[in-house]
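The values are calculated or read from the model by the stated rules, or taken from the named source; none is laboratory data. Computed from a predicted model, the values in this text were never measured in an experiment. Cβ placement follows ideal geometry from the backbone for every residue including glycine, while neighbour counts extend to all protein chains displayed. Protein only, heavy atoms only, side chains kept; ligands, DNA and RNA dropped before computing areas. Shrake-Rupley method; radii C 1.70, N 1.55, O 1.52, S 1.80 Å.
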Amino acid sequence: AGESGMSDAFKGFGSNTKEPIQIEANGLEVQDKDRTAVFTGNVNVRQKDTVLKTQRLRVFYEGKAAEGLAQASAGGGSQQIRRFEAEGRVLITQKDQTVTGETGWFDMQKQTAQIDTNVVLTQGKSVAKGEHLKINLKTGQYTLEGSRVIMILEPKSPDAAPPAR
Amino acid sequence: MAETGEIGGRAVGGSGAVPPRVPPPAPDRDALRSAADRHSRRVRRLKVAIPVIGVAVVVAIAGVTWVRSHLMAGLGVRQVLFSKDGLTMVEPRLTGRAGDRRYDVTAAKAFQDVRNPKVIALEGVDGHLEMADGTWAKIESTAGRYDGTRETLDLDGDVTVVTSAGWRATTAVAHVDLVSGKIDAERDVRITGRAAQIDSDALQASEEGRHLVFTGNVRMTVQPQADAEAPPGPPAPAPR
């Protein structure tokens with residue numbers, strides 16, 4: 001399993017309750033009886049300088065939508081979100097770091113997240129590929145697992161293109 | 001050309017003491033003839049007015065009883081004005097029950113067209129719905145249209161819904177299905193709560209707001225933890 005110094009890449013994403021979260025999408029369906037809100041179509045979630053993009057985002061929340069929406073309870077709206085699952089061209093960017101994959105989930109209570117399938121992790125010019133990226137949202141630490149983990153470090157000379165896999 | 005009289009809500013017929021009869025001064029012939037003309041004109045007008053009043057009264061009774069019986073509703077009206085086109089209710093108040101929802105809807109004005117009594121046009125709508133579980137919703141709009149056949153209420157212009165749960169919704173146009181309780185809000189939908197706000201082009205709300213489908217340019221903002229929550233209350237009494 002590879003590991004690299006991008007420790008603050010995901011620190012606090014979604015679990016940081018100091019910053020508002022902006023979510024944009026083509027559609028949203030809230031089903032209070034199963035406590036889910038599903039955003040569909042070019043979903044774009046932004047909190048401070050972290051952005052998550054995906055095609056479909058399912059949000060699992062606590063309590064009732066009506067109450068959750070209305071009262072800023074102890075944790076505010078974001079505290080109400082228990083977990084969210086992203087599906088379809090998942091892309092997370094923060095400053096010069098990005099992660100892409102097919103699916104991903106964020107567990108707000110355990111403060112853990114995971115991106116799966118064709119995972120590509122980049123920071124500046126260095127790139128890492130694998131199958132599963134496990135992230136600890138509290139510390140920002142992550143581990144990349146998967147059969148073809150390769151670590152392309154930033155080549156010294158700027159013009160040397162990384163070998164195409 | 002039939003002359004139609006405007007029958008306002010004015011009190012008809014004198015009340016109080018009848019003025020003493022004073023023999024008229026010796027009228028000359030012209031005065032007599034013009035008085036006769038005036039009299040016949042009045043008779044002609046009455047001949048026309050009476051059937052119109054009759055129709056209007058029938059429409060009013062039909063409309064009011066129909067609304068009352070249909071919605072098991074109490075309909076209070078401060079004033080009813082009849083005109084050849086139909087019946088205008090001033091400050092009507094409709095209270096009643098639909099399913100387990102109790103409602104109390106007032107309007108500045110309601111107009112019921114003679115030709116289509118099942119439709120009531122409303123101005124200045126102010127509705128209050130109370131659900132069985134005690135939750136309530138207050139609905140306001142500049143104009144509205146109640147359709148008795150389809151049992152729908154279309155609201156138009158600054159439609160605002162405030163609910164006991166604490167969130168508030170505004171939209172430009174909303175269609176309410178009074179039987180199923182489904183609400184379709186069109187154009188500039190905004191739902192605001194202390195914890196979050198959702199904007200979209202349109203919204204379909206059903207199951208008393210427990211199932212919401214927002215479509216088009218959905219933007220949601222989830223507020224962070226409200227740091228300065230309510231000011232700290234008095235220290236809890238020390239447990240004995």
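Assorted remarks:
- Label-to-label distance, B:Arg145 versus A:Thr98, with points set 7 angstrom from Cα along the beta-carbon direction: 5.0 nm.
- Full-stretch length increase - B:Arg44, B:Arg190 - with 0.36 nm per residue and alpha-carbon distance subtracted: 46.8 nm
- Projected label distance in nm at B:Gln79 and B:His128, using a 7 Å step from Cα toward the beta-carbon: 2.5 nm
- Largest to smallest in accessible area, the residues B:Arg78, A:Arg58, B:Arg210, B:Arg29 fall in the order B:Arg29, B:Arg78, B:Arg210, A:Arg58 (1.4 Å probe, all protein chains included).
- For B:Phe111, the accessible area of its heavy atoms, probed at 1.4 Å with every protein chain present, is near 70 square angstrom.
- Threshold 20 Å² - residues in the stretch A:26-53 whose accessible area is reduced by that much or more when the chain is no longer isolated, probe 1.4 Å: A:Asn26, A:Leu28, A:Glu29, A:Val30, A:Gln31, A:Asp32, A:Lys33, A:Phe39
- Backbone geometry of the stretch A:117-128 corresponds, through the Karplus equation with coefficients 6.51, -1.76 and 1.60 at θ = phi - 60°, to 3J(HN,Hα) couplings of 6, 6, 7, 10, 10, 10, 9, x, 9, 8, 10, 9 Hz, x marking Gly and Pro.
- Straightening the chain between B:Arg29 and B:Glu91 buys 17.2 nm, computed as 0.36 nm per residue apart minus the Cα-Cα spacing.
- Modelled spin-label separation between A:Arg89 and A:Asp49, with each label point placed 7 Å from Cα along the Cα-to-Cβ direction: 2.6 nm.
- Accessible area per residue for the stretch B:87-222, computed on protein heavy atoms with a 1.4 Å probe, is 47 Å².
- Using a probe of 1.4 Å on the protein chains alone, the accessible area found for A:Tyr142 is around 10 Å².
- Surface accessible to a 1.4 Å probe, A:Arg56 within the full protein complex, Å²: 80 Å²
- Accessible area buried at the B-A interface, both sides summed, 1.4 Å probe (Å², nearest 100): 2400 Å²
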